[in-house]
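Here is the structure we will look at, set down as structure tokens.
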Amino acid sequence: MSTGSGADSAPAPKSTHDSTTQDPGCTDSGATHEGATPGSGPADSTSATDSDTDTGSDTATATDADPKTTGKTGKTGKTGGGTFSSLKIRNYRLFATGAVVSNIGTWMSRVTQDWLVLSLTGSSAAVGITTALQFLPMLLFGLYGGVIADRYPKRQLLVFTQGALGLCGVSLAVLTLSGNVQVWHVYLIAFLLGMVTVVDNPTRQSFVSEMVGPDQLRNAVSLNSANFQSARLIGPAIAGVLITTVGSGWAFMLNGLSFTAPLIGLMLMRSHELHASVRIPRGKGQLREGLRYVRGKPELIWPIVLVGFIGTFGFNFPIWLTAFANDVYDGGAGMYAFFNILMAAGSLAGALLAARRRSSRLRLLVLAAMAFGLLEIVVSFSPTVWLFSLLLLPIGMLGLTTNVSTNTSVQMASDPEMRGRVMSLYMMVFVGGTPIGGPLLGWVTDTYGARIGFATGGVVSLLAAAAIGLVLTRVIGVRLKIDLRKGRPHMEFVPKKEQLATAA
């Protein structure tokens, strides 16, 4: 049920919203909205007094979708905790099952699309342009997608968007199988996919909150990432086999048909087990209101700025991995698929670890982003294909951790009635930066080589994370504490008063 955005996230304790992980290179990423369950007040905003402040409740009491206890009232039974607790809810199981099928198709199509463009043009910049066109609509219209998702019934919207995504996949398959495909066809369909994604992404992610309720939202968001990354393990492998045996067209066809699975899941859901949502009425100035809201909250604006740099410059993996597979290590489509599988394995591990965490901290976000950028620099100069491959695992893990941590922090700091617009801005920045970073990093890769291109993305990500980490320490009122004693955290953010007391 993914469009390949990949950004998963978790919401406020009192809201019924969600979001997911875009992936310009790894990302089911998305926006979130929906109102709070009836009887709940505004979501608790994350305090800006401590970067270690939990952005969620420390206890994850599970909610069940038992028809006797769940429905429009938002009352739920208990499902218990655990890594897979949200799967006890029937509607979410249907959603997740359909999503894993379409996600496999999505990853098959993404790998095949990148390789097809490289085969048609021989240019890494062309691969970057394709990626840019797919995410350009999010940059141009992303905020409107959040308003639409907040305004209309999400289940009906998803039936439309998932059907449209399947139709795009079938259209590209027909063009390829007929032998008439040209690069402009791929560009056009990539842009159309992006237009559908503008609405699908925030709608799909916020719909999760209607299925699971506020107590299970964090778990469900992390499982969405795990779902997406699990499919990333399978899809590229299937794509590699299909490309080398029967051709690219069949991979596109299977992707298009895979969207029947989420459509069936949506049809089978029980409406009375969905949690009620708050829909905003049509009105003037709603986009400006959302922008003013974000601008006035440091715990929102700075994580969004950080993810903008990471998404624009650090997640251009289709460009770099195709170039390394084709030019640096003289491999083919099979090697490119193998690189994607390794990235997915690391991302899946990161998603499962995120599903076990009960809180999200700005400290984790900043440190994960810095480590992500540093590791991209290191991997870019790997002398052997095996070292390069091995380092893709932690890169995938850190990239996913950055994604989930940012989404969670932003959602938890947003009021329910604003969450759709906040997360649309988040996705617009995260995914919308790809039309800028994709062609730019593609040009750097073509001009100076794959190693310099990969390293450039890492340098920008590292510097951005370090700079924004310093800003957050000043705004939130904490300082960096380094402790080299055995058995203690070597680096952490602590309140200034605590550090002064410790030093005394």
> Can you name the condition, by its number, that Asn103 falls short on among (1) at pLDDT 85 or above; (2) out of contact with any strand residue (DSSP E or B) (no Cβ under 9 Å at 6 or more places or on another chain)?
Replying inline: (2)
>> Criterion first (closer than 19 Å to Trp107 by Cα, open to solvent by 60 Å² or more (accessible area, probe 1.4 Å) and in a helix (DSSP H, G or I)) does Ile189 satisfy it?
In response: no
>> When you scan the range 260-282, do you find a residue that is loosely packed, with under 15 Cβ neighbours inside 10 Å, modelled with pLDDT under 75 and out of contact with any Asp or Glu (no Cβ under 9 Å at 6 or more places or on another chain), even just one?
In response: yes
> Could you list, in sequence order, the residues of the range 309-339 that are closer than 23 Å to Thr406 by Cα and either open to solvent by 20 Å² or more (accessible area, probe 1.4 Å) or polar (S, T, N, Q) (or both)?
Replying inline: Phe309, Thr312, Phe313, Asn316
>> Checking Leu172 against (1) closer than 17 Å to Asn91 by Cβ; (2) touching a residue at least 60 places away in the same chain (Cβ under 8 Å), only one condition comes out false. Which one?
In response: (1)
> Among the residues of the range 393-412, which ones are under 16 Å from Ile468 (Cα atoms) and either small (Gly, Ala, Ser) or surrounded by fewer than 24 Cβ atoms within 10 Å (Cβ to Cβ) (or both)?
Replying inline: Ser405, Ser409
> Any residue in the range 208-218 that is open to solvent by less than 10 Å² (accessible area, probe 1.4 Å), in a loop (DSSP other than H, G, I, E, B), touching a residue at least 24 places away in the same chain (Cβ under 8 Å) and not β-branched (Val, Ile, Thr)?
Replying inline: yes
> Which members of the range 295-334 meet the condition of being of a type in the set (Gly, Ala, Ser) and outside any helix (DSSP H, G or I)?
Replying inline: Gly296, Gly331, Gly332
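The values are calculated or read from the model by the stated rules, or taken from the named source; none is laboratory data. Quantities reported herein were computed from a predicted structural model and do not represent experimental measurements. For neighbour counting, all protein chains shown are included, and Cβ atoms are generated from backbone atoms with ideal geometry for every residue, glycine included. For accessibility, only protein heavy atoms count, side chains too; no ligands or nucleic acids. Shrake-Rupley method; radii C 1.70, N 1.55, O 1.52, S 1.80 Å.
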